[in-house]
Amino acid sequence: MIPLYKLEKLPRIQRLRKIAKYFSSAENRLCENLANKEDMELKPGLFSDTEIIFFTDAARLLAKDTLFPQEAQKLFEEAALAFQNIDTNGLRRAFNNVKHLLFAVTGKDQADWDFTASDGSLDSKKRRVFNGMQVYLEDIRSPFNVGAMFRTAESFGVEKIILSPFCADPRHRRAERTAMGCIDTIPWERQELFAPHEENKLKDDTPIFALETGGIPINEFAFPPSGILIAGSEELGVSPRALEAADASFGRVSIPIYGAKASLNVSTAFGIALQYWSKALI
């Protein structure tokens, strides 16, 4: 860790980048310490006295930087107080706020994987699961969307996720980052449910319905007590074969929207559909 007096002598952007790096690393350590700890107690010795002093002084140094707006200077001052009080929630927020403010100033783009999660590994025994509630992600190409949809499915009690062969890999680092531990919590598999070959098609009477335009409005749709919800490609929607299977079963469910864009991100629409479905099962 660079001494504060040396930090002060660095060019401004270089100084801000170094502070952002230190705070980002500290937040990661804090999150690892908090993972799976319900009491949220800080592990003794996680940060040395020297480090706490450095974090406090660095925040105060930032608060004196008149090139920052007053709102940012006030936030830096609050961060310095949080480091002195060593409050767990205050520490996390202080590290996170300062880090992202400095990212913005130094030109570092804030991608999804810049955000630090403290969830750690999740306990699947704590899940409430609706038996028979399954989803089929058909050709979802974005790892971000796949990860978000895993997290949403886990949150709303989905029993199982089925991925088409051309879905993005849930083990992609961006998918895992967005899923925040849910990929290891909810059962999933790859399987082509609607291939043209007879042996690959569904062979039971499981209710099937598609999240697609031109269907029954979601507030009027009769969700089945069990079944498979199909969410299709970001660009192309649900495939004709899958739509044919859905139309022969429970049909299509649609979300009324009122904007000029007239469409939603697939992971957002997926979340709305699952919330309605899970509510119908309670």
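Any read-out appearing in this document is the output of simple, stated calculations on the displayed coordinates, not a laboratory observation. The structure displayed is predicted, hence computed values, not measured ones. Glycine also receives a Cβ, built like all others from the backbone with ideal geometry; neighbour counts cover every protein chain displayed.
Data for the structure
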| item | result |
| --- | --- |
| Links that overshoot a 18 Å alpha carbon limit, given the list 6/64; 9/74; 21/74; 18/74 | 9/74; 21/74; 18/74 |
| Chain lengthening between residue 50 and residue 1 when straightened (0.36 nm per residue, less Cα-Cα) | 16.7 nm |
| GNM result for the chain, Cα springs below 10 Å: residue of 178, 50, 88 fluctuating most strongly | 50 |
| Angle in degrees between helix 70-85 and the longest Cα principal axis of the chain, rounded to the nearest 10 | 80 |
| Full-extension gain in nm, residue 129 to residue 264, via 0.36 nm per residue minus C-alpha separation | 45.9 nm |
| Residues listed by number, segment 91-109, amide nitrogen under 20 Å from residue 64 label point at 7 Å toward C-beta | 98-99, 102 |
| GNM top mover of 159, 176, 78 - the chain, alpha-carbon springs below 10 Å | 78 |
| Mean Cβ count within 10 Å, highest first, over the residues of peptides 253-260, 265-272 | 265-272, 253-260 |
| From the coordinates shown, percent of Cα pairs over 37 Å apart corresponds to which of (1) 19; (2) 6; (3) 33 | (3) |
| Extension gain from residue 235 to residue 77, taking 0.36 nm per residue of separation minus the Cα-Cα distance | 52.3 nm |
| Under Karplus coefficients 6.51, -1.76 and 1.60, residue-wise ³J(HN,Hα) of segment 132-141 in Hz, glycine/proline x | x, 7, 10, 10, 10, 8, 9, 6, 6, 8 |
| Rounded to 10°, Cα long-axis angle of helix 88-106 versus longest principal axis of the chain | 90 |
| Sorted by Cβ neighbour density within 10 Å, fewest at the top, the residues 188, 277 | 188, 277 |
| Relative contact order of the chain, pairs being alpha-carbon contacts under 8 Å that are 6 or more residues apart, as % | 15 |
| Theoretical ellipticity at 222 nm over the chain - DSSP helices of four or more residues, -39500 (n - 2.57) apiece, nearest 500 | -14000 deg cm²/dmol |
| Pairs of lysine residues in segment 124-281 - Cα separation under 30 Å, sequence separation of 8 or more or cross-chain | 10 |
| Acute angle (nearest 10 degrees) that the helix 12-34 long axis makes with the longest principal axis of the chain, alpha-carbon atoms | 60 |
